[in-house]
1. Select from region 43-57 the residues that are in contact (Cβ under 8 Å) with a residue 12 or more places away in the chain and acidic (Asp, Glu) and list them in ascending order.
2. Out of the residues in region 229-249 meeting the condition of being out of contact with any helix residue (DSSP H, G or I) (no Cβ under 9 Å at 6 or more places or on another chain) and either of a type in the set (Lys, Arg) or loosely packed, with under 15 Cβ neighbours inside 10 Å (or both), tell me which one is modelled with the lowest pLDDT.
3. Just for strands (runs of 3 or more DSSP E) wholly inside region 211-287: which have at least 1 residues that are in contact with a His (Cβ under 9 Å, 6 or more places away or on another chain) and not hydrophobic (A, V, I, L, M, F, W, C)?
4. Mind counting the residues in region 12-29 that are closer than 24 Å to Tyr239 by Cα and part of a helix (DSSP H, G or I)?
5. In this structure, is Pro204 surrounded by fewer than 18 Cβ atoms within 10 Å (Cβ to Cβ) and not charged (D, E, K, R)?
6. What are the pairs with Cβ atoms under 9 angstrom where one residue, in region 174-194, is under 14 Å from Ala142 (Cβ atoms) and touching a residue at least 60 places away in the same chain (Cβ under 8 Å) and the other, located anywhere, is surrounded by 15 or more Cβ atoms within 10 Å (Cβ to Cβ) and hydroxyl-bearing (Ser, Thr, Tyr)? Sequence gap at least six, or different chains.
7. For Thr220, only one of the following conditions fails: (1) closer than 20 Å to Glu128 by Cβ; (2) out of contact with any Cys (no Cβ under 8 Å at 6 or more places or on another chain). What is its number?
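The values are calculated or read from the model by the stated rules, or taken from the named source; none is laboratory data. On a predicted model such as this, the values are computed, not experimentally measured, just so you know. Here the Cβ positions follow ideal geometry from the backbone for every residue, glycine too, while neighbour counts run over all protein chains shown.
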Amino acid sequence: MSAAEEAAYLATLRALWRRNWPKDAPREPVYPLGEIPLTEILRERARRTPDKAALIFYGRDVSYGQLDRLSDAFAAWLHAHRVVKGDRVAVFLPNCPQFHVAFFGILKIGAIHVPVNPLFKAQELIYELNDTQARVVVALDALFPLLAEVKDKTSVETILVTSAGALLPEAPTIPLPLGLDAPPKPCAGAIDFLPALADMTTTPPAVTVGLDDVAALNYTGGTTGMPKGCVHTQRDMIYTAATTCAAAIVLEPDDVGLNFYPVFWIAGEDMGVIFPIFSGATYVLLARWDPVGSPS
């Protein structure tokens, strides 16, 4: 294709785009708090509405202020354990508020979030951990035996664990999926995630995190071979939110949404982790799809 043909083709596409664009949909991304890193959006939401629920987990409210403080504590913990900007931190968790705490804590320190599929078998887990060279993993206690089995074949040095129901309320307001309230499992040699954060007395270091810094490596399967890590910057994250929340889903601060998508998957990360904080909304987080437990 010549330069002239390419220019004509693109002009045709732009004309089609203008002609078919929905009348009331914005034509540019909408950034309610400005085009700033997602971590700064969380800080500002926490400053403006500290007591507002960011997440509701079976009746347990996690406020914007709590999410900001807990993720600050994890960022401080990472710094104290020699994690620096650009390091990869793996998160081997299903849907639970601790995933959100880990996600924002990792980004606040300028490290790179690596979500790991909790359904992985040993060889898949070894591959992704080695591909990212993650030294720290936050894992579900039920998955610790698998992680301990492969640890010596990877670069992993430190494992933090948490139970899926660690942040459940005493009296859940909707039915729980089977096993969600199982007692914590012993994990010899691992660090208990939430108590570790409670022990942090220092604030996280001031790390300059730019919009074009790598924020996450989201692994996705292709037609051949093992999954590949897709590079996502903070700009990628907020651009997706700025376009989707303004035109497709239309999320606003007074809205309450529901997420049952797996948050280790990119659709769940968008719908259940990034979009709510970006828009200032409240999201009900389910451990998994459950027609009985889903609030009406």
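1. Answer for region 43-57, where residues must be in contact (Cβ under 8 Å) with a residue 12 or more places away in the chain and acidic (Asp, Glu): just Asp51.
2. Result: Ala248.
3. Numbers: elements: 214-220, 228-233, 256-259, 282-285.
Of the strands (runs of 3 or more DSSP E) lying wholly inside region 211-287, those with at least 1 residues that are in contact with a His (Cβ under 9 Å, 6 or more places away or on another chain) and not hydrophobic (A, V, I, L, M, F, W, C) span 214-220, 228-233.
4. In the first step, residues of region 12-29 are kept if they are closer than 24 Å to Tyr239 by Cα; the result is 13-29.
Retained after the next criterion (residues that are part of a helix (DSSP H, G or I)): 13-20.
Qualifying residue count for the region: 8.
5. On the way: surrounded by fewer than 18 Cβ atoms within 10 Å (Cβ to Cβ): no; not charged (D, E, K, R): yes.
When the stated conditions are applied, Pro204 does not pass them.
6. Every condition considered, the pairs that remain are Leu180/Tyr58; Phe193/Thr162.
7. (2)
Residue-wise test of (1) under 21 Å from Val263 (Cα atoms); (2) of a type in the set (Asp, Glu).
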site: Thr202; (1), (2): no, no
site: Asp212; (1), (2): no, yes
site: Leu217; (1), (2): yes, no
site: Gly221; (1), (2): yes, no
site: Gln234; (1), (2): yes, no
site: Ile238; (1), (2): yes, no
